[in-house]
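Engineer: First the structure, which I've put down as structure tokens, then a few questions once you've had a look.
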Amino acid sequence: MKKAISLLLAALMLAVAPLALADVVKLTENASGFDLTIDLPAGTVVSVEHYDDVPYTFVTLPGADAPLIYVSVAPTEEYEGISVGDLTSDEVETLFAVVSADMDSPSYTVETTDGGYPYLFVQDESETDSAMMILLEDGYFVQMSVWNANHAVLTDDDTATAAALLDTLAIMKD
């Protein structure tokens, strides 16, 4: 019996091990004196495309049911030197109105990553469901967008997956 339990435990550990391995991926390099990194599960495919000098990092997580994610980092003079946590409630409402303008039925909450970075979590509750996580850092607007293939409605697990990635965010200042 002990041998069977040991074999079962070993098989379980082997099955879970690839999921536990993470790759640290830089989202920016030397952007205004800081680098952003997140930890991604092994098997994640990352590609970077630039539009108008803004890098968009596309993240394809392993698994057929995993949500699609991209992260963009763009300069913003309007929010120079402040974070989401520094905004007044009126300023949060204004930011929410701007980032959710193309959504059909948006809502938001202000959350904080495990690393202590406050962010605006914006969801669209319509049939073309999507979510965004907006972070402000040293005059940069960091946006993580999450959605499903064919714009299927996001589940709580989908948004939790994106939030878990954002929780690994690290900002390294020069």
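The values are calculated or read from the model by the stated rules, or taken from the named source; none is laboratory data. Just so it is clear, the structure is predicted and the values come from calculations on it, not from any experiment. Ideal geometry is used to build each Cβ from the backbone, glycine not excepted, and the neighbour counts take in all protein chains shown. These accessible areas exclude ligands, DNA and RNA; they are computed on the full protein's heavy atoms, side chains included. Shrake-Rupley method; radii C 1.70, N 1.55, O 1.52, S 1.80 Å.
Engineer: In segment 88-174, what percent of the accessible surface is made up of carbon and sulfur (1.4 Å probe, ligands and nucleic acids excluded)?
Structural biologist: Working: 2060 of 4260 Å².
For segment 88-174, the apolar C and S fraction of the accessible surface comes to 48 percent.
Engineer: So if R0 is 22 Å, what FRET efficiency would F58 and T112 give, r being the distance between their Cβ atoms, rounded to the nearest 0.05?
Structural biologist: 0.30
Engineer: Ignoring ligands, DNA and RNA, what accessible area per residue does segment 67-168 give at 1.4 Å, in Å²?
Structural biologist: Details: 4870 Å² over 102 residues.
Accessible area per residue, segment 67-168: 48 Å².
Engineer: Report the charge-dipole magnitude of segment 107-174 in Debye, nearest 20, computed about the Cα centre from +1 at each Lys and Arg Cβ and -1 at each Asp and Glu Cβ.
Structural biologist: I would put it at about 200 debye.
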